[in-house]
Each structure stands twice: as structure tokens, then as C-alpha cells.
1. Could you say whether any residue in the range 7-25 is modelled with pLDDT under 90, within 26 Å of the chain's Cα centre (by Cα), outside the structural domain of residue 188 (by TED's automatic domain parsing) and exposed (fewer than 11 other Cβ atoms within 10 Å of the Cβ)?
2. Write out, first by first residue and then by second, each pair whose Cβ atoms fall under 8 Å of each other, whose residues are 6+ apart or on separate chains, and whose first residue, in the range 27-55, is surrounded by 14 or more Cβ atoms within 10 Å (Cβ to Cβ) while the second is of a type in the set (Asp, Glu).
3. Within the range 26-71, track down each residue that is under 38 Å from the mean Cα position of the chain (by Cα), farther than 10 Å from residue 13 by Cα and not in a strand (DSSP E or B).
4. Would you check which residues across the range 187-198 are at negative phi and exposed (fewer than 15 other Cβ atoms within 10 Å of the Cβ) and list them?
5. Given the conditions (1) at pLDDT 50 or above; (2) part of a loop (DSSP other than H, G, I, E, B); (3) more than 29 Å from residue 175 (Cβ to Cβ), and given that residue 152 satisfies all but one, which numbered condition is not satisfied?
6. Which of (1) surrounded by 11 or more Cβ atoms within 10 Å (Cβ to Cβ); (2) touching a Ser or Thr at 6+ places or on another chain (Cβ under 6 Å); (3) of a type outside the set (Phe, Trp, Tyr) is the odd one out, the single condition residue 84 does not satisfy?
Amino acid sequence: MIKWATNENSTGWAILCTSTGNCSTSEIEASGGTEHRRTLMGLKGDTRYQLTVCARDASGNESKKEAFYFTTLPFPDTVKPAISKVNYTIIDYDRVSVTWSTDEPATSQAQYMESTNITNTRIECKRKPWGDKCLADCDQLPDSVDPVFLSDYGATSFDSKLVNAHNVIMQPLLKGKAYKFRVISKDAAGNERVSDDQVFTMK
């Protein structure tokens, strides 16, 4: 909101312009007075504006205050980084390299643990450690399902550097064992994205 005063009764309005010359005009006050206020709507974050306030008295005489400038504060970043191109490579008998990309600089984290194949037709319904969705339908579990975890992730690899191209090593891993992993990236504002799960087997 912008406020200003005049030395006689008048109606006021404000003109707001960007550095590119795009201008908008507020509504004119419905009633006159010497104290004026207008609300500025639709401003963008981290943007420089030119503001001019105007007034018109009962005789139709108009005046404008010399323009002044201000810059709005940046809007808070609430967008999570987008994760893409998640890939893993077995680089040794007990190590796997995990790579992925984000659309903005973010941290690198891989969570992983040994998985267990469930072939029962009914199990106790368990919940994911990162959400509230059941891992399987407790009443209609198929004869064989993809590997799932029966407990929380037990290991993690983390790099705090903010980068777009990510690479972390998961180790030590056991030959012949199946593992499940996910990657996590957090940007400078603290917005965190978690990838879908992937499963691999050490050869």
C-alpha cells in the first residue's frame, strides 16, 4: 500500500511502471480528502518499479508527484528441484555409482539397503518410511511381487555441494544381493525432491 498527502481535498491514484515501460494505473479514489492511499497489486518479486502518485481537486486541476523508484523483495523459493536421468553403474564387486541430474543446484544423497523378495499371499501391511501409502495390498497380495523393503533404509551416501550433475557411491554391498535405492536432492532454499525407487542386484 502507498500513502501520500495533499494540501487540499482531492482524489488520488497511482501509476506504476516497470523498467521495460509496462505501466498500470490504480483505481481513482471514490471520495476526496487530503490523506490518500492506494493498494498496489500484481507486483513481481525482485523487480524494480517506478511509482508516480497523482491527485485531482474539485476544479479538475491535476498534479503529479515526481516519480520515485523501489525494488521488491524476491519471492520465497518453494519449488522442489526436478530429478531426472537417474542411473546406476556397478563399478566394483562391492560398489555402485549412482548418477542423476537436477534442474537447479542441489545436494546429492542416495539412500539404499538390501531388499527382500516377498512371495507370501498375505503379509502384515507395512508403510513406507517416507510416506503413508502401504507397500502392498494386504488383502490381495499376488503370488510374487517386486522386491520391497521390510524396514527403513539402512545406509546413505551424501554430498552437501550444490550441483546440477550428481554422482555418489553406494558401498559396501554384497555379491549376489538385491538392493533398492532412491536419490534425494535439496536446493539452497531447503526444497527437497525424492526420486522413485530402483532395484539392482550385485553380480
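The values are calculated or read from the model by the stated rules, or taken from the named source; none is laboratory data. For clarity, every value in this text was computed on a predicted model and none was experimentally measured. Every residue, glycine among them, receives a Cβ derived from its backbone with ideal geometry; neighbour counts consider all protein chains shown.
1. no
2. 32/57; 36/29; 38/27; 38/29; 52/66; 54/62; 55/62
3. Within the range 26-71, the first condition is being under 38 Å from the mean Cα position of the chain (by Cα), and the residues that meet it are 26-27, 37-53, 67-71.
Among the residues that remain, those that are also farther than 10 Å from residue 13 by Cα are: 40-51, 67-71.
Hits for the range 26-71 are 40, 41, 42, 43, 44, 45, 46, 47, 67.
4. First, pick out the residues of the range 187-198 that are at negative phi: 187-189, 191-198.
Across the range 187-198, the qualifying residues are 188, 189, 192, 196.
5. (3) is the only condition that residue 152 fails.
6. Exception for residue 84: condition (1).
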